[in-house]
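Trainee: Here you go, one structure.
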Amino acid sequence: MDKISGEDLRVRRLNNHSNIINFCSVNDDLNNFLKDDALLAQDNMTSITYLCFWRRVVVGFATLVAATIEVKQVEGPRIDGYAPNTYPSIKLARLAVDKNHTGRGIGPHLLFWVMGKFEKISKEIGCRYLTVDSKRESMWFYEKYDFILVEKTRNKTHPTFYLDMYLTRGKK
Amino acid sequence: MVMAKQIDLKLVLEDEDARIFMDGFNHPKVTQKKVDMFKKAREIYRNNRA
């Protein structure tokens, strides 16, 4: 199928009126999360889900949560007034594309949108890293966009990556 | 029904992963690829504020 122009994609926050019933990715876990858990988690303020629309149809979604990175056993300077070795991050907890629209540029569009959202948030609340637990078959996707693989997790079911968003500060 | 994977909020880095992380924190690399990537991200977000 052809790529969809980014101009034709819209990202909106999930709400009670969002029609998600027909969304179907290749991953049942992600489908179940969107249909059963995402709105409840949002109401509980534990995650926020954003839907990607094409021609008013949900073709993908991304879910974000606040998270942290803890670094152990490393010598070096500490930041005054800051918990040692703990660094604020945002986690891309879910990212899925409808199976009828894979390969059309929706995943990259959502990822770039998340990076843009990150920049906005990081201007108001300190956070520097975007993290993600990848499906094994999606590792190439995050490597393509310079996410760093946590080697310790390489052989796990969901290898973890992080992206240093430092450049979003002061680089316009 | 299959439950979705639990979301782990804390990533713990040790040993070589920790060293690489701290090196990147203290000496972040500015690459043209990243600059271009974040510029594109900014544009996409600006057109889709949610």
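Trainee: Most exposed first by the Cβ proxy, i.e. fewest other Cβ within 10 Å, how do B:Glu16, A:Glu119 rank?
Mentor: B:Glu16, A:Glu119
Trainee: Going through the cross-link list B:Lys5/B:Lys40; A:Lys91/B:Lys29; B:Lys5/B:Lys33; A:Lys120/B:Lys34, which pairs have a Cα-Cα distance over 28 Å in this structure?
Mentor: Among B:Lys5/B:Lys40; A:Lys91/B:Lys29; B:Lys5/B:Lys33; A:Lys120/B:Lys34, the Cα-Cα distance tops 28 Å for B:Lys5/B:Lys40; B:Lys5/B:Lys33.
Trainee: What does the protein assembly as shown give for Rg and for Dmax, in Å, if only its C-alpha atoms count?
Mentor: Calculated on Cα positions, Rg and Dmax stand at 17.3, 53 Å.
Trainee: Fewest Cβ neighbours within 10 Å first, please rank A:Ile121, A:Ile21, B:Ile44 accordingly.
Mentor: Fewest-to-most Cβ neighbours within 10 Å comes out as A:Ile21, A:Ile121, B:Ile44.
Trainee: Too long at a 31 Å Cα-Cα cut-off: which of A:Lys3/B:Lys10; A:Lys3/A:Lys152; A:Lys99/A:Lys144?
Mentor: Long pairs (Cα-Cα over 31 Å): A:Lys3/B:Lys10; A:Lys3/A:Lys152.
Trainee: Within a 10 angstrom radius of the beta carbon, how do B:Phe38, A:Phe53 rank from fewest other beta carbons to most?
Mentor: Going from least to most buried by this count: A:Phe53, B:Phe38.
Trainee: Then there's this: Which ³J(HN,Hα) values in Hz, rounded to whole numbers, follow from the phi angles of the range B:23-29 under the Karplus curve 6.51 cos²θ - 1.76 cosθ + 1.60, where θ = phi - 60° and Gly and Pro get x?
Mentor: Working through the residues one at a time gives 4, x, 5, 7, 9, x, 8 Hz.
Trainee: Right, here's the next one. Residues with amide H under 5 Å of A:Phe53's amide H, sequence separation 5 or more or different chain, H placed in the peptide plane at 1.01 Å from N; which?
Mentor: Amide H to amide H, under 5 Å and 5 or more residues apart or across chains, A:Phe53 pairs with A:Arg10, A:Val11, A:Arg12, A:Val59.
Trainee: For A:Ser25, list long-range residues whose amide hydrogen, built 1.01 Å from N in the peptide plane, is under 5 Å from its own amide hydrogen.
Mentor: A:Asn31, A:Lys99
Trainee: Tabulate in residue order the Karplus-calculated ³J(HN,Hα) for the range A:91-102, using 6.51 cos²θ - 1.76 cosθ + 1.60 with θ = phi - 60°, rounded to whole Hz; enter x for Gly and Pro.
Mentor: Using θ = phi - 60°, the values come out as 9, 7, 6, 9, 8, 9, 10, 4, 5, 7, 10, 5 Hz.
Trainee: Please state, to two decimals, what the Cα-based radius of gyration of the range A:1-66 comes to when divided by 2.2 N^0.38 Å (N = residues).
Mentor: Ratio of Rg to 2.2 N^0.38 Å for the range A:1-66: 1.12.
Trainee: Per DSSP H run of n ≥ 4, the term is -39500 (n - 2.57); total these for chain B, divide by its residue number, and report the mean residue ellipticity at 222 nm rounded to 500 deg cm²/dmol.
Mentor: Mean residue ellipticity, 222 nm, calculated: -17500 deg cm²/dmol.
Bear in mind these aren't lab numbers, they're just calculated from the coordinates by the rules spelled out. Small disclaimer: the values here were computed from a predicted structure and weren't measured. Cβ: placed from backbone, ideal geometry, glycine included. Neighbour counts: every protein chain shown.
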